[in-house]
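Student: I have a structure I would like to understand better, so I am pasting it below and will then ask my questions one at a time.
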Amino acid sequence: MKCSECGAQISKRWLFLGLPWSKYSCSRCGAMFAGTILRTTLTSIAVGILGYLLIPAIKGKMSPTFIIPIAALTLVLFMGNFPGLIKRIDIAEPEIEREPE
C-alpha cells in the first residue's frame, strides 16, 4: 500500500502489527491513516481460518497443503491495496448541506 498523498510506501510493520484503532503517519508527507472496520473484519476472519486449519496440520491430522492458499489470502488482505481498508483521517469530512426548515 502507498500513501494517497505522496505515494510513499506504508510501513509493512504497521500493516501487519497495527491494531484497528492505531494510526499511521506517513514518513514523507505526514498524512495520517487508520484501518477501517472492513479491514479489521476481513483480516480477523482470514487469520481465524488460518489458525483453525493450522492446529490440525501441526498435529498431523490434515495435510499442510491446505494452509498455503489461506496463508496467501491472509497475506494479500494485509498487504493489498483494496479500497476501503485504510482511510485518511487527518482531513475533514465534507459536511452535508441541509435545506432550511
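Read-outs: derived from the displayed coordinates by stated rules, not from any lab. Since the structure is predicted, the reported quantities are computational estimates derived from the model, not experimental observations. No Cβ is skipped: glycine too gets one built from the backbone with ideal geometry, and neighbour counts run over all protein chains shown.
Student: Go from 0 up to the bin containing the longest alpha carbon distance in the chain, width 5 Å each, and give me the % of pairs per bin.
Tutor: Result returned by the calculation: 2, 11, 19, 18, 13, 10, 9, 7, 5, 3, 1, 1, 0, 0.
Student: Among PHE78, PHE16, which comes first, then next, by fewest other beta-carbon atoms within 10 Å?
Tutor: The fewest-first ordering by Cβ neighbours comes to PHE16, PHE78.
Student: Kindly provide the helix-only [θ] at 222 nm of the chain, computed as the sum of -39,500 (n - 2.57) over DSSP H runs of four or more divided by all residues, to the nearest 500 deg cm²/dmol?
Tutor: After summing the helix terms and dividing by residue count, I get -13500 deg cm²/dmol.
Student: Something else about it: For the chain, please report how many Lys pairs fall under 20 Å Cα to Cα, leaving out neighbours fewer than 8 apart on the same chain.
Tutor: Close lysine pairs found across the chain: 6.
Student: For the stretch 1-51, which trypsin sites (Lys or Arg not before Pro) pass both filters: DSSP loop (anything but H, G, I, E, B) and at most 10 other C-beta atoms within 10 Å?
Tutor: Sites meeting the loop and neighbour criteria: none at all.
Student: Let me ask something additional. Of THR65, THR40, THR74, which has the largest mean-square fluctuation in a 10 Å C-alpha GNM of the chain?
Tutor: Looking only at THR65, THR40, THR74, the largest GNM fluctuation is found for THR65.
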